1. Any residue in segment 185-211 that's in contact (Cβ under 8 Å) with a residue 12 or more places away in the chain: show its pairings with residues that are among the aromatic types (Phe, Trp, Tyr) and crowded, with 21+ Cβ neighbours inside 10 Å at Cβ separation under 8 Å, as long as the two are six or more apart or on different chains.
2. Name the residue that is farthest from LEU403 (Cα to Cα), counting only residues in segment 336-357 that are acidic (Asp, Glu) and in a loop (DSSP other than H, G, I, E, B).
3. Touching a Gly at 6+ places or on another chain (Cβ under 8 Å), over 19 Å from ARG386 (Cβ atoms) and part of a helix (DSSP H, G or I) - does that describe any residue in segment 288-300?
4. Being part of a loop (DSSP other than H, G, I, E, B) and in contact with an Asp or Glu (Cβ under 8 Å, 6 or more places away or on another chain) is the filter; apply it to segment 96-130 and report the residue that is surrounded by the most Cβ atoms within 10 Å (Cβ to Cβ).
5. Within segment 355-368, can one find any residue that is under 16 Å from HIS326 (Cβ atoms), at pLDDT 85 or above and of a type in the set (Val, Ile, Thr)?
6. Within segment 310-323, which residues are farther than 21 Å from PHE427 by Cβ and in contact (Cβ under 8 Å) with a residue 40 or more places away in the chain?
7. All but one of (1) touching a residue at least 40 places away in the same chain (Cβ under 8 Å); (2) under 22 Å from the mean Cα position of the chain (by Cα); (3) assigned by TED's automatic domain parsing to the domain that holds ARG97 hold for GLY242; which doesn't?
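The values are calculated or read from the model by the stated rules, or taken from the named source; none is laboratory data. In this text the structure is predicted, and so the values were computed from the model without any measurement. Every residue, glycine as well, gets a Cβ built from its backbone with ideal geometry; the counts of neighbours run over all protein chains shown.
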Amino acid sequence: MALEARRRVDKQNPTVSQETAISVENVSKVYRLGVAETRHDTLGAVFVDMIKSPLENYKKYRSLYKFDDVTSTKIGNGTERSDVLWAVRDVSFDIKRGELVGLIGTNGAGKSTMLKILSRITPPTKGEVRVRGRVSSLLEVGTGFHPELTGRENVYLNGTILGMTKREVESKFDEIVEFSGVSKFLDTPVKRYSSGMKVRLAFAVAAHLEPEILIVDEVLAVGDAEFQKKCLRKMEDVGQHGRTVLFVSHNMSAIARLCERSILLHQGGIVKDGPTHEVVSAYLSSAWGQTAEREWPDEAEAPGDDVVKLRAVRVKDKNGEVSNSHDIRDPILIELDYDVMELHHQLYIHFLVHNQEGVCVFTAIDQDPEWRRKDRQTGRYTTVCRIPGNFLAEGTLSVTPVLRSIRPETYHGHAPDAIAFHVRESFEADSVRGDWVREIPGVVRPSLEWTTRYTCKG
């Protein structure tokens with residue numbers, strides 16, 4: 001029996017709730033993989049292959065777009081089939097009108113395939129998708145642009161594809177050009193644009209032509225930092241006006257700031273769907289993400305030398321529990337276990353914290369007076385550093401522990417990006433941001449004391 005692939009894009013479909021913008025039911029997408037050709041060692045085998053080749057070639061051609069034989073990736077002996085790939089498998093979710101939803105996961109998790117199905121670029125192999133409203137998508141650099149047309153002509157072309165009239169496009173034209181920053185090249189063919197120029201204009205068109213559903217892939221990473229900030233602010237604005245946004249990114253800070261809900265994909269299936277801080281935490285703590293705890297049970301593999309070995313490093317919350325997701329207002333504990341194996345060393349234990357851009361946010365040095373300038377005895381040590389709340393900015397941070405001695409000055413070893421944790425935003429009244437709801441730049445966000453003195457007139 002052939003697998004059923006249905007897809008509906010309805011504006012008045014009674015089976016879709018008025019509050020539902022996107023409905024995905026048991027959607028799967030299968031791709032046929034190439035297989036190596038058989039090589040023959042005898043002349044007879046070559047002649048037999050020549051006789052069979054017309055039929056085999058027809059089967060190969062048909063298999064490129066027909067999946068009648070694919071009812072499972074398993075073959076008779078229970079092993080995985082080698083000629084098919086389930087990019088998305090049995091995925092179901094609903095997105096309400098006005099929701100801002102993040103789609104996260106590692107490379108190859110199925111995020112881009114899912115967006116292409118929702119954007120009607122490729123049909124699902126199995127399952128059903130219902131989309132209610134006009135969709136604008138930005139999945140690749142210059143999506144929907146004709147390279148021979150100018151930037152101006154492509155703006156009108158994209159507007160027409162989205163179902164807008166010329167008058168509607170003209171009413172937004174100046175805003176699009178100003179946002180994109182390519183006014184100087186507006187009458188130049190798009191094929192001569194750089195990748196950055198293309199993505200600037202493409203996003204400007206996608207976001208300003210008032211789509212009811214905006215779908216954005218990681219393509220924003222092509223733009224510079226300032227343009228990415230503009231895009232995030234624009235997507236926030238789109239969401240605040242009741243439109244639906246589906247956003248794919250590896251930038252957990254952007255996901256956390258923009259989306260209240262996120263969906264985590266892994267190997268084509270949904271692992272978790274819920275509040276963003278919970279989903280991001282699951283992603284960072286998973287085997288395919290980053291970890292809040294790292295141990296080296298085998299001494300031979302532990303970072304260090306004959307003097308000292310690092311055995312574990314972990315990040316804990318205010319309750320002393322290992323956690324990789326922390327409220328920006330709460331203190332964070334960094335804990336290091338290490339073994340000292342040689343006497344007469346004054347250890348200099350410290351760690352570096354880096355943000356997602358690779359910037360060193362700060363370096364913390366062990367200043368415990370009990371051990372400062374003192375030789376260490378052999379044995380196991382546990383050092384804990386407390387990072388106060390309302391100090392770090394939102395985002396994902398990594399920790400690199402370093403083992404040194406200061407007398408004599410010796411480097412013993414380090415563990416680059418051994419653990420990672422996420423600082424999530426807070427919009428509560430006692431947050432440092434107060435009543436400000438937009439982005440706050442900076443690698444730290446300390447809680448500082450403020451006083452204001454008023455001198456009345458006269």
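1. PHE185/TYR193; VAL190/PHE145; LYS198/PHE145; LEU201/PHE145; LEU201/TYR193; ALA202/PHE145
2. Initially, segment 336-357 is screened for residues acidic (Asp, Glu), giving 337, 339, 342, 357.
Pick out the ones that are also in a loop (DSSP other than H, G, I, E, B) and you get 342, 357.
Working: GLU342: 14, GLU357: 24 Å.
My answer is GLU357.
3. Looking through segment 288-300, none of the residues is touching a Gly at 6+ places or on another chain (Cβ under 8 Å), over 19 Å from ARG386 (Cβ atoms) and part of a helix (DSSP H, G or I).
4. The initial filter retains those residues of segment 96-130 that are part of a loop (DSSP other than H, G, I, E, B), namely 97-99, 105-110, 119-125.
Remaining after also requiring in contact with an Asp or Glu (Cβ under 8 Å, 6 or more places away or on another chain): 97, 99.
Numbers: ARG97: 17, GLU99: 19.
Out of the qualifying residues, it is GLU99.
5. Yes, that holds for at least one residue.
6. Within segment 310-323, the first condition is being farther than 21 Å from PHE427 by Cβ, and the residues that meet it are 310-316, 319-322.
Selection gives LEU310, ARG311, VAL313, ARG314, VAL315.
7. (2)
Yes/no per residue for (1) closer than 29 Å to GLN346 by Cβ; (2) outside the structural domain of HIS326 (by TED's automatic domain parsing); (3) in contact with a Cys (Cβ under 8 Å, 6 or more places away or on another chain); (4) of a type outside the set (A, V, I, L, M):
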| site | (1), (2), (3), (4) |
| --- | --- |
| ARG373 | yes, no, no, yes |
| THR400 | yes, no, no, yes |
| TYR411 | yes, no, no, yes |
| ALA415 | yes, no, no, no |
| ALA418 | yes, no, no, no |
| ASP430 | no, yes, no, yes |
